[in-house]
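Remarks on the structure that follows.
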Amino acid sequence: MKKKILRQYLEIKSLEDIKETIKPENSYLVELIDSGDFQLNKFFYKQIGKKYNWIDRLVWKDKNWIDYISNKNLLTYVLKQKKNLGGYFELIIHN
């Protein structure tokens, strides 16, 4: 059975392109984390990715994950509501 998957990316080419938005309530926080532990990236990828058909990294061994998060151009952010984890996103800086 074939399933059509739409993949979208956010690309910011200029800071002038960013539009101001309403700030969410104070109980939400987006926080840069130290990606020294690949398990968090792996956990979010698997859990959040289920809904969106993220499958390309499911075959990765722990070494693949360690290599991935060791990239100095990878930044991992988590979304928290109070102390509860709500999501994550990764930014890869291309120079």
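The values are calculated or read from the model by the stated rules, or taken from the named source; none is laboratory data. Because the structure is a prediction, the values reported are computed rather than measured. Every residue, glycine among them, receives a Cβ derived from its backbone with ideal geometry; neighbour counts consider all protein chains shown. Just so you know, the surface numbers come from the protein's heavy atoms only, side chains and all, with ligands and any DNA or RNA stripped out. Shrake-Rupley method; radii C 1.70, N 1.55, O 1.52, S 1.80 Å.
What the table below lists for this structure:
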item	result
Residue match in segment 82-91 (condition: open to solvent by less than 80 Å² (accessible area, probe 1.4 Å) and out of contact with any strand residue (DSSP E or B) (no Cβ under 8 Å at 6 or more places or on another chain))	no
Pairs with Cβ under 8 Å, 6+ apart, first in segment 74-95 and without any contact (Cβ under 8 Å) to a residue 60 or more places away in the chain and farther than 17 Å from Lys46 by Cβ, second in a loop (DSSP other than H, G, I, E, B) and small (Gly, Ala, Ser)	Leu74/Ser35; Leu75/Ser35; Gln81/Ser27; Lys82/Ser27
Hits in segment 21-55 (condition: farther than 20 Å from Gln8 by Cβ and small (Gly, Ala, Ser))	Ser27, Ser35, Gly36
Condition met for Leu58 (closer than 28 Å to Leu6 by Cβ, modelled with pLDDT under 90 and open to solvent by 40 Å² or more (accessible area, probe 1.4 Å))	no
Within segment 61-81, considering residues that are modelled with pLDDT under 95 and exposed (fewer than 11 other Cβ atoms within 10 Å of the Cβ), the one farthest from the chain's Cα centre (by Cα)	Lys72
When residues of segment 31-43 are limited to those that are of a type outside the set (Asp, Glu) and at pLDDT below 90, the one farthest from Asn95 (Cα to Cα)	Leu40
Filter result for Tyr52 (under 14 Å from the mean Cα position of the chain (by Cα), aromatic (Phe, Trp, Tyr) and open to solvent by less than 100 Å² (accessible area, probe 1.4 Å))	no
Neighbours by Cβ (under 6 Å, 6+ apart or cross-chain): first from segment 27-56, more than 21 Å from Ser70 (Cα to Cα); second open to solvent by 30 Å² or more (accessible area, probe 1.4 Å) and assigned to a helix (DSSP H, G or I)	none
Segment 22-47: number of residues that are more than 19 Å from Tyr77 (Cα to Cα) and not hydrophobic (A, V, I, L, M, F, W, C)	0
Selection count, segment 1-35, where residues are more than 16 Å from the chain's Cα centre (by Cα), hydroxyl-bearing (Ser, Thr, Tyr) and open to solvent by less than 100 Å² (accessible area, probe 1.4 Å)	3
